[in-house]
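What follows draws every value from the coordinates through simple rules; no lab data is involved. Just so you know, these numbers come straight off a predicted model, no measurement behind them. Positions of Cβ are backbone-derived with ideal geometry, glycine not excepted, and every protein chain shown enters the neighbour counts.
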Amino acid sequence: MPNRHDEKDFLEHEKLNLSGMHCAACVQLIEFRLKQLAGVHSFRINAASHKADVSWESGKTNLKNILEAITQLGYGAFPLAQSDSEQERQEKKLALWRLFVAGFAMMQVMMYAFPAYLVPVPQIDGDLTPDLDKLLKIASMVIAVPVMGFSAIPFFQSAWRDIRNHHVGMDVPVSLGILLTFFASVWATFHGGAVYYDSVIMFVFLLLGARLIENRVQKKTTAALRILTELSQVKAQRLPDYPASMQIEEVDAGQLAANDVLLITPGQNIPADGIVLEGSSDCDEALMTGESQPVAKTAGDELIAGAMNVGGRLIMRADKTGNQTRLSSLIEMMETAATEKPPIVLLADRHASRFLTLILLIALITGLVWAYIEPARALWIAISVIVVTCPCALSLATPGVMSAAIGLMAKNGVLIKHGKAIQTLSKATHIIFDKTGTLTVGKLRLSDTIHLSTQDELLAEKLAFLLASGSSHPVARAIADGFAKHAGAVSDMEVTGLREIAGGGVEACVNGRLYRLGSLAFAEEMNHLSVTLAENLRNRTISVLAEVSSNLLLFALEDVLRNDAVDAVHQLQQSGKKVMLMSGDRREAVAEVAERCGINDVWAERSPAEKFAQIRQLQEAGAIVAMVGDGMNDGPALALADVAVAMGQGAPISQTRSDLLLVSNRLSDLVFAFRIGRQSFRLIRENLAWAILYNVLAIPAAVAGWLEPWHAALGMSLSSLIVVLNALRLYLLPQPEYAMAADQT
């Protein structure tokens, strides 16, 4: 009976849509409040897509309590399964109306403010009469009222929410600046002095415009994730009585179960992972694999959930449904990566709230000092200090870069599992490739079979097929394919103790006798019998079937170098990376691949432990290592590397230990990923550098009294826009050109 204190047995999970967030301080507030809620196990927000992942212990809380906790903070929240399209349309429409009112008011109030700038009142050597001056001020005040009561409401609501929750967010100084400027101008309207209605309206207009652009950028940068999420919510046509009847039952994809038979019509998205039973067609798998051309599908071929059937009608059997599908795994990986931030972004987020508090203190001290120096200007200078600061540039624009990078990589067949990998990609100094299935296609072909014993050859081939079928390693798959004709003749063999030994091969007892299939060293370890290779076999991959007293079969396999391997290695070397090759294969075979690719640093015949030790040695010497691998024996090395890349066709254990998954299996996409990582980190540093430089220059200028409130409003809004638009430069990177080859995938 499970222990009721084992929280993993009772965790529930849900994805949420959030609304009302405007900056990193909002994210910090919600996460801080939810993590304090009893029973909440984990809570993570994707600041770019405004989605959240929450898990909780069902015995201590429930989804209703979680949603109420978020709404009590003043934000909106509902399950991701509920459509948010209508809410998004309403929010977008209201935001445009707020912007329109502020823009219209700004144009009108500028006409009334213009005469005061050109022909001021007589007291300051102007021609504008006091009565006309007061009339223009009152007209400006009237025009500013709808801006304060409608356009600026989101800032006031957000600020009040932050204050109520004892938290300082970006909208606290924004609202303070707006309110102080407006009410000080109202007082000056009736008691004399300068007014800044034009500044306050311009500030609201520019800030609303900046946030509208930010939202558009966020939508663009999370487009890939949104498309994948929509693909997971498709309808399915189930055939419950197949093959007796073709009667169709339409259900949601989430209601499907393994072994359901489905009809896939042209133009329909495939709702589950499975196998084609009947029909032939072409399927567009671009969003899942990065493959730009439709892939032909016939009976026996695999289908991926989320792909689109663009040709004829297919009948398929569902093998994996719901959260088990590859599509669901891709969505989860992308969402997880988007919520994880590089260390440099975490540093900025950690200090955003402290920065805001510091600015309010500086503004207060500045106002008090100027009250002694020049009382008439003290309030306006303090307001300028509050308005001119731009904390959003420190923390809001960087998630846009992250989301754009994740989306671009996914579009080109590279999925990020950990967001921190983007920063590590940009800093990697050494790239280590495995050989089989990485630089080579990995679909080995059995070229020669040599019998080493006088025992029954047919029995030996059946044994080889039986052991090879128990492994996902490329060598084992090639041997199994080579003897597939024996698939129906091994059912009477009793197999026990089948296990795969990393870096060696497969071992099992068949009908009571122990056999091994794997490398020469693996076989020799059991029977202490050496094998002498002919000269023509020295550059091939060798595997041996052995028993305790003899070697039965020797297999020679050939692999094919990937079409883009040479060019990919060359581009990485040109970018300043140290490219190395490390493999467990025979020295001659590894040397041939290294020579063709132009790799000078080569390690062959390395066990998993030796690969692990070699990477650790490089890291101790100061190298930042990226490991690209495929297969079970790469697991330890991938786990140790600073950034681990697994091939999409590789063994599951290598994929689970990776930071990036190259689902397209194209090395040109990997080169593009390194380029994106380098450019992304550069953009993040540029954004942070600009934000720091802007504040370092603007805050002292405001404190010194050199900036009017309208200067501060313009500078703050432009600073925010600059860092947001800078993130879009990531889309200017040239996309890789694919050399399409039939044997490439």
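A protection proxy built from the mean count of other Cβ atoms within 10 Å ranks the segments 485-493, 297-305, most packed first, as 297-305, 485-493. Given the pairs Lys93/Lys411; Lys417/Lys611; Lys578/Lys611; Lys35/Lys60; Lys320/Lys485, which span a C-alpha to C-alpha distance of over 19 angstrom in this model? Those over the limit are Lys93/Lys411; Lys417/Lys611; Lys320/Lys485. One chain, two ends: Glu68 and Lys35. Fully extended at 0.36 nm per residue, the span grows by 10.5 nm beyond their Cα-Cα distance. Working note: Karplus 6.51/-1.76/1.60 with θ = phi - 60° gives segment 484-500 the couplings 4, 5, 8, 4, x, 10, 10, 5, 8, 8, 8, 10, 9, x, 5, 8, 9 Hz, where Gly and Pro are set to x. Ranked by the mean number of other Cβ atoms within 10 Å of their residues, highest first, the peptides 310-317, 526-533, 433-440, 98-105 fall in the order 433-440, 98-105, 310-317, 526-533. Given R0 = 51 Å, the distance between the Cβ atoms of Ala139 and Asp282 translates into a calculated FRET efficiency of 0.15.
Taking amide H as placed 1.01 Å from N in the peptide plane, the amide H of Leu303 sits under 5 Å from that of Gly274, Ile275, Val276, each at least 5 places away or on another chain. Near the amide H of Asp260, within less than 5 Å, lie the amide hydrogens of Ala318, all on another chain or at least 5 residues away, with H placed in the peptide plane. Scalar couplings 3J(HN,Hα) for segment 254-269, obtained by applying the Karplus form with A = 6.51, B = -1.76, C = 1.60 to θ = phi - 60°, are x, 8, 6, 10, 4, 6, 5, 9, 10, 9, 10, 8, x, x, 8, 7 Hz; x denotes Gly and Pro. Loop-located GluC sites (Glu not before Pro) in segment 396-504 (DSSP state not H, G, I, E or B) with no more than 13 neighbouring Cβ atoms inside 10 Å: Glu494. At an R0 of 51 angstrom, the distance between the Cβ atoms of Ala296 and Leu498 translates into a FRET efficiency of 0.90. Each label was represented as a point 7 Å from its Cα along the Cα-to-Cβ direction; for Leu452 and Gln90 these points are 7.4 nm apart. Residue-wise HN-Hα couplings along segment 182-190, as the Karplus relation 6.51 cos²θ - 1.76 cosθ + 1.60 with θ = phi - 60° gives them from phi, are 5, 6, 5, 5, 4, 4, 5, 4, 9 Hz; Gly and Pro carry x. Spin-label pair Leu514-Ala244: with each label point 7 Å from Cα along the Cα-Cβ axis, the two points sit 5.2 nm from one another. Model label points for Thr429 and Phe104, set 7 angstrom from Cα along the Cα-to-Cβ axis, are 6.2 nm apart. Taking other residues whose beta carbon is less than 14 angstrom from the beta carbon of Ile143, and scoring Lys, Arg as +1 and Asp, Glu as -1, yields 0.
For Leu514, the residues whose modelled amide H falls within less than 5 Å of its own, excluding neighbours fewer than 5 places apart on the same chain, are Val548.
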